[in-house]
Amino acid sequence: MATAQQVPDILSPQFAANPYAAYRMMRESAPLIWHEPTQSYIISRYEDVERAFKDKESVFTTDNYDWQIEPVHGKTILQLSGREHAVRRALVAPAFRGSELQEKFLPVIENNARELIDTFRDAGSAELVGQFATRFPVNVIADMLGLDKADHEKFHGWYTSVIAFLGNLAGDPEVAAAGERTRQEFAAYMVPIIRRRRDNLGDDLLSALCAAEVDGVRMSDEDIKAFCSLLLAAGGETTDKAIASIFANLLTHPEQLAAVRADRGLIDRAFAETLRYTPPVHMIMRQTAAEVSLSGGTIPAGATVTCLIGAANRDAARYADPDTFDIFRDDLTTTRAFSAAADHLAFALGRHFCVGALLARAEVETGVNQLLDAMPDLRLDDDVLPTEEGVFTRGPARLPVRFTPA
């Protein structure tokens, strides 16, 4: 098995500054690396990461979530398998697809986008990360659940702490302790609300979760709390970074921005290519239930596997000219990009494909449309190039723009 000492360590400042160069080295010379600090095997090629996500033989499991996710969320749907997973997914999925999403929650998404844009619509300048991207998805989720948006700072603080815990690859004890405190604080906030909602059901997602029943199974207070925690963290952090990244990519490719502005039907293409080119989540872990052979060697049973989405999505064996942002590429199928049949890996694949993919698509489509309407000549402020930050999740830290108010 290649060890490739020349590859920057995933915990190093060099890697954090530019993981894409390291990803290329991994794919080419070290597709399987044993990483001592995280006690995990790192895989980077598209075919290997795809296999780990789509596995139907139960070789690649989510047993790692017992220690990686449960300490901050409680036991979530991500840890379940077989019938237990199917029933829980059937309980939560209806709100995130089809008529329920379009009729009940699309107006919520539209209203929240409009409210945030109204705060800078006439200013001629904005910082799209702080003033829009970090607030928009959390506000949407709060409204969907029927929670008080005045508690936004609490929600944002909690999900930031959770994401830091999940990305705590170096094992910082303070980050770990803060994540575990978040679980207690969120439970103290959420469980009383769930109990009150059970006695007074409304037309919101939390009420739907309280009332949902499949084959005689209903969600417990703990089930619902854990799902809400997961929804806030996963839905907030990922959509936040996706919106910031789609604008960063378009602003640095003005001809593609002009095309999207002229034809809003291209927003899906721009989002799909952003998910491939600069995915919000760069790595997801799995655990092996049996020995498995992949590119570069063999992984033993019971091992943690770090699947590098950010590397796999730029694999030249899968995509032509993979380090180029191109919304018109013909090797990425937009019609499947937000389904379990997607041919990028940003939402994972298989039975643990992101349940909120269509919600993210609706948020991005709405947000991009409304922002382009409000800012017809949108441009980077002083031509400052956006800078990505993060390792586990990654996106532009700031995105200052100028525009002539519509």
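The values are calculated or read from the model by the stated rules, or taken from the named source; none is laboratory data. Computed from a predicted model, the values in this text were never measured in an experiment. Don't worry about glycine lacking a Cβ; one is built from the backbone with ideal geometry, like all the others, and counts go over all protein chains shown. For accessibility, only protein heavy atoms count, side chains too; no ligands or nucleic acids. Shrake-Rupley method; radii C 1.70, N 1.55, O 1.52, S 1.80 Å.
Numerical summary
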| quantity | calculated |
| --- | --- |
| Under the Debye formula (equal points on every Cα, no solvent term), log10 I(q)/I(0) of the stretch 243-315 at q = 0.11, 0.19, 0.22 Å⁻¹ | -0.43, -0.78, -0.93 |
| Cα coordinate range in the stretch 21-68, projected on the principal axes (Å, largest first) | 31, 25, 14 |
| At q = 0.18, 0.20, 0.23 Å⁻¹, base-10 log of I(q)/I(0) for the stretch 222-261 (Debye sum, equal scatterers on each alpha carbon) | -0.57, -0.62, -0.70 |
| The stretch 326-406: chymotrypsin sites (Phe, Trp or Tyr not before Pro) in DSSP loop, at most 12 other beta carbons within 10 Å | Phe328 |
| His152 versus Ala188: modelled label distance in nm, points set 7 Å from Cα along the beta carbon direction | 2.5 |
| Kirkwood-based Rg to Rh ratio, the stretch 234-383, C-alpha trace | 1.02 |
| Amide hydrogen neighbours beyond the local backbone of Ser125, cut-off 5 Å, H modeled | Phe403 |
| Carbon plus sulfur fraction of accessible area for the stretch 149-290, probe 1.4 Å, in percent | 52 |
| Within a Gaussian network of the chain (alpha carbon springs, distance under 10 Å), most fluctuating of Ala362, Ala262, Ala164 | Ala262 |
| Residue-span extension gain [Asp118 to Ala341] - 0.36 nm each, minus C-alpha spacing | 76.6 nm |
| The chain - convex hull of alpha carbons, volume per residue in Å³ | 134 |
| The chain: relative contact order as a whole-number percent, Cα under 8 Å and 6+ apart | 26 |
| Residue of His344, His73, His156 that the Gaussian network model of the chain assigns the largest fluctuation, springs spanning Cα pairs under 10 Å | His156 |
| For the stretch 295-406: relative contact order, % (alpha-carbon pairs under 8 angstrom, 6 or more apart) | 15 |
| Trypsin sites (Lys or Arg not before Pro) restricted to DSSP loop in the stretch 303-406 with at most 10 other C-beta within 10 Å | none |
| Å² per residue, accessible surface of the chain at 1.4 Å | 40 |
| 222 nm mean residue ellipticity, helices alone, for the chain (DSSP H n ≥ 4; -39,500 (n - 2.57); rounded to 500) | -14500 deg cm²/dmol |
| Highest-MSF residue in the chain out of Ala123, Ala348, Ala272 [GNM, Cα springs under 10 Å] | Ala123 |
| Descending semi-axes in whole angstrom, ellipsoid equivalent of the stretch 298-406, from the Cα gyration tensor | 31, 18, 15 |
